[in-house]
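Colleague: Just dropping this structure here.
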Amino acid sequence: MQKHFMVLIVLLAMLAVAVASVSAQDVITYSSNASDPLPREMDERVVAMWNEMNPDMQVEHSTVAHEDFKQAIRAYLAAEPSPDVLTWFAGNRANFFISRELIGNFTEAWSQPGFGDMFAPGFQALATDYLDDGNAYFLPSNYYWWAMYYRPSIFEAAGIESTPATFDELLAACDALNAIGITPITVGTRYRWTAAAWFDYINMRTNGPEFHIDLMLLKESYTDPRVMDTMANWNKLFEHNCFNEDASALDWHEAVTPMANGEAAMYLMGDFIRDQVRSTAPEMLEDLDFFQFPIINPDVAIGEDAPTDGWFMSANGANPAGAQAFMTFLGSAEVQQLFLDELNRLPTRTDVDLSNLDELTQKGIGMIQSADFIAQFYDRDTTPEMADAGMDGFMEFWDNPAAVEDILARLEEDRVRIAEEQAAEQ
């Protein structure tokens, strides 16, 4: 009797394990950083589409605030199991986890006819050029441009007849706006990446995108005189009182408000600024335009930041087959068309209908297509540890430009140490 009871217990335990396994395989866990209202709504809509079409393999969707997600993703990926599918960024930010075998191999889905080959060549590279093994690890979903957004009506009131094409013209525009009591450029630096955008653009315009990317890859020195030239140009903006005084008190969303209130004229920001304007100040859409970041050195190539977002599957997820299937759906022309039509997110696939794009989007595509080089963004193009040190340095420079030599010296110490650590790992 006792023997039969023990056999029954074992069988029940095996059944419980089997049921748990089936349950895990029938659920796809998806963790997203799309926390702003409109992107979150679109994310939820896409998940609902999948769940309606796949009643036997439902997606469980969780959304984490964008900045919190950046801090928590390492813990997510180290968990067992971790979420099956996660949102993230292309380039070095993805490679950091790929090189540590925390991102799963997506090649099975990517290599299917009519899928990976439908992505533009540059985005195919963002999917596969990580470990030089020919495999795909990242699914590029959309990109967006950065530019100087401005309110034409405020420019007109200040007597600015054309958008600044050169850095000197930008400084002159700051002077003209200050003269009528308008803050020339609004920015919110509570989160450091907004300050990093200024370093990206001024460095690319001063020294060219090739030098900038080599600096990001730790191949150039932060004490190089060319970096000092970048910081000197940046300091000119402070000398001309181009920025709002309360930048560190604002996040990037809050820094839109002075523009909406007519108190500030310009904002260096990604095109997702229009999502914020649509949801908080839609009337400003009729008085919002952008121009390319002005030229500083006409002898260098033109680089633009066009960060690319996407998804990856975790190496430690409980449902790799489901993750492959869901990511194939996320990368479909149907989903990319929705992101384009509803959020103006530029597609990475080549078979998405572009005929209904608005004037600003057409203008942004033209700007990116005419660029000599496309960068991701400071904290995406360099290693996470260097990005952390660099953004701290930029924030210190923002508060005290006179400390620039000490700041760059410390950044160079960090660069050398991190490069040596990377070499030792290899």
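Each value in this text was obtained by applying a stated rule to the coordinates, not by laboratory testing. Just so it is clear, the structure is predicted and the values come from calculations on it, not from any experiment. Cβ: placed from backbone, ideal geometry, glycine included. Neighbour counts: every protein chain shown.
Colleague: What residue among THR183, THR348, THR280 has the largest mean-square fluctuation in a Gaussian network model of the chain, using Cα springs under 10 Å?
Modeller: Judging by the Gaussian network model, the answer is THR280.
Colleague: OK, next. Would any residue of region 306-338 have its amide N under 14 Å from a label point 7 Å out along Cα→Cβ of GLN112? List them or say none.
Modeller: Counting only backbone N, you get 321-335.
Colleague: Taking 7 Å along the Cα-to-C-beta vector as the label spot, tell me the ALA402-SER62 distance in nanometres, rounded to one decimal.
Modeller: Result: 4.9 nm between the two label points.
Colleague: Right, something else. Among ARG205, ARG45, which comes first, second and so on when ranked by fewest other beta-carbon atoms within 10 Å? Write out the running numbers ahead of the final one.
Modeller: Working: ARG205 24, ARG45 12.
With the sparsest Cβ surroundings first, the list reads ARG45, ARG205.
Colleague: By how many nm would the segment from ALA125 to GLU263 grow when fully extended, if each residue of separation counts as 0.36 nm and the alpha-carbon distance is taken off?
Modeller: 45.4 nm
Colleague: If each of ALA249 and GLU425 carries a label point 7 Å out from its Cα toward its Cβ, how far apart are those two points in nm?
Modeller: The modelled label-to-label distance comes out at 4.0 nm.
Colleague: Counting just the Cα atoms, what span does the chain cover along each of its three principal axes? Round to the nearest Å and put the largest first.
Modeller: Sorted from largest, the Cα extents of the chain read 94, 50, 40 Å.
Colleague: What is the distance in Å between the Cα centres of region 387-424 and region 320-381?
Modeller: If we compute the Cα centre of each part, the gap is 33 Å.
Colleague: When only Cα pairs under 8 Å and 6 or more residues apart are kept, what is the percent relative contact order across region 257-356?
Modeller: 13
Colleague: Something else now. For LEU346, what residues show an amide H to amide H distance below 5 Å, using hydrogens built from the backbone and excluding near sequence neighbours?
Modeller: Residues meeting the criterion, in which the H sits 1.01 Å from N, are TYR143.
Colleague: Estimate the FRET efficiency between ASP372 and ASN54 by the formula 1/(1 + (r/R0)^6), using the beta-carbon distance for r and 41 Å for R0, to the nearest 0.05.
Modeller: 0.40
Colleague: Which whole-number percent is the relative contact order of region 341-426 (Cα, under 8 Å, 6+ apart)?
Modeller: Taking the mean separation of contacting Cα pairs over the length of region 341-426, I get 18 percent.
Colleague: At q = 0.21 Å⁻¹, what log₁₀ I(q)/I(0) does a Debye calculation on the Cα points of region 196-331 give, no solvent, two decimals?
Modeller: Values returned for q = 0.21 Å⁻¹ are -1.22.
Colleague: For q = 0.18 Å⁻¹, what log10 I(q)/I(0) does region 32-94 give under the Debye formula with an equal point scatterer on each alpha carbon and no solvent?
Modeller: Values returned for q = 0.18 Å⁻¹ are -0.75.
Colleague: Within region 124-141, which residues have the backbone N less than 19 Å from the label spot 7 Å out from GLU101 along Cα→beta-carbon, could you tell me?
Modeller: Label zone hits: 130-138.
Colleague: Could you work out the pair-distance distribution P(r) of region 154-261 from its alpha-carbon pairs, with 10 angstrom bin width and percents rounded to whole numbers?
Modeller: Histogramming region 154-261 at 10 Å steps yields 14, 39, 35, 12, 1 percent.
Colleague: Sort out for me the Cα centre separation of region 101-150 from region 204-240, rounded to whole Å.
Modeller: The two parts, judged by their Cα centres, are 29 Å apart.
Colleague: Defining a contact as two alpha carbons under 8 Å apart and six or more residues distant in sequence, what relative contact order in percent does the chain show?
Modeller: Once normalised by length, the contact order is 26 percent.
Colleague: Tally the DSSP beta bridges in the chain and give the antiparallel ones as a percent, rounded to 5.
Modeller: 55
Colleague: Right, here's the next one. Given the DSSP H assignment, sum -39500 (n - 2.57) over each helix run of at least 4 residues in the chain and divide by its residue total; what's the result at 222 nm in deg cm²/dmol, nearest 500?
Modeller: -15500 deg cm²/dmol
Colleague: Ok, one more. Please report, in whole Å, how far the alpha carbons of region 43-157 spread along each principal axis, starting with the longest.
Modeller: Largest to smallest, the principal-axis extents are 58, 34, 32 Å.
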